[in-house]
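Data first, discussion second: the structure below is written as structure tokens.
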Amino acid sequence: MAHDFNNFLTIIRSAADLLGMHSLPAEKRSRYVEIIIETAGRAALLTQQLLAFAREQPLHPKVFDIASRIHGLKHVIEMTLGASVNINIGLPADLWAVHADASQFDTAILNLVINARDAMPAGGTLQVGARNATSLPPLRGHTDVVGTLGRFIAVTIGDTGSGIEPSLIEQIFEPFFTTKEINKGTGLGLSQVYGFAKQSGGEVIVESQLGSGTTFTLFLPCATAQHPPSVSNTTVDERRNVQPSNVLLVEDNELVGAFAQSMLTDVGHNVTWVVNGEAALAMLAARRANFNLVLSDILMPGINGIELGKEIRRRWPDLRVVLSSGYSPALAQEGDHGFEFLQKPYTLDHLLAIIR
């Protein structure tokens, strides 16, 4: 982990140093900004994979259609696989709707696709399928036990690659375990799939034969509703075109607080920043009419963000509250308590979209 993060930080620091050069041409300046954004995203993904394996990644389940979601990923899958791998997608029309975190689902599918690609260095075929299922498979090592009954969707990702050594099957979902060369992988891709499946109330199984290929099957719970709600296609310009809000920012980290205040102020919002929950309640008691939104970190000394949100809900039920964190065991285990949630590290567009 230290090795990977030091690589990311080296790229970010170097690009930032170069941006400070006054003689830098505009096209190179734009390129270094892109490098910083891209590298920060990769570092954030690495952290999310760790949290997913630990089942402490805050999930935001919603109802969605598996077939539409996979077809929406087809272009990314094709780019990931390269020209030497053929892709066959076979999805029946009568699939039930799924209730899970859609973005984590996308990540899990892409992790399985990358794993399949690496197993087929000389090319091959990737088969993507799905089916309705009425039970989960038994726990590993308990094949004589009936699996959990219920309604699930089973998504399969199969390759025609080298297969997995039977003695390694029980290890492949462990974090940092990888058969790849040094610097060729973190060993967290399959761990993310495992953690996402378990935290969602599902399962993931693997079937493999040396020389013939491997098939992963991801089970996810179905929704009670059969038709996913419509999705609003909000553009970036629409997200930024918002009415100014009076925001009470609650953040104990000086760097994050100052930066969030600066970002929101620069796009037209009025921001008052306090460093803990006690100060936030005192500010609201004195100046409630001045605010229409509270944006609070969760992990803080004294009153944490969830406790603050509940107290605000009790005393000022019409005041909107958004909670933000990069890691919160309480949120992962107990849900969002009915509050909007903003995952750290967030971008300006994520921040403005949730305010909107």
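The values are calculated or read from the model by the stated rules, or taken from the named source; none is laboratory data. Because the structure is predicted, anything quoted here is derived from the model rather than measured. With ideal geometry, Cβ positions are generated from the backbone for all residues, glycine too; neighbour counts draw on all protein chains shown.
Values for this structure:
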{"item": "Flag if Glu278 is at pLDDT 90 or above and within 21 Å of Ala40 (Cβ to Cβ)", "result": "no"}
{"item": "Condition met for Leu293 (over 26 Å from Ser103 (Cβ atoms), in the same structural domain as Leu264 (by TED's automatic domain parsing) and either buried (at least 16 other Cβ atoms within 10 Å of the Cβ) or at pLDDT 95 or above (or both))", "result": "no"}
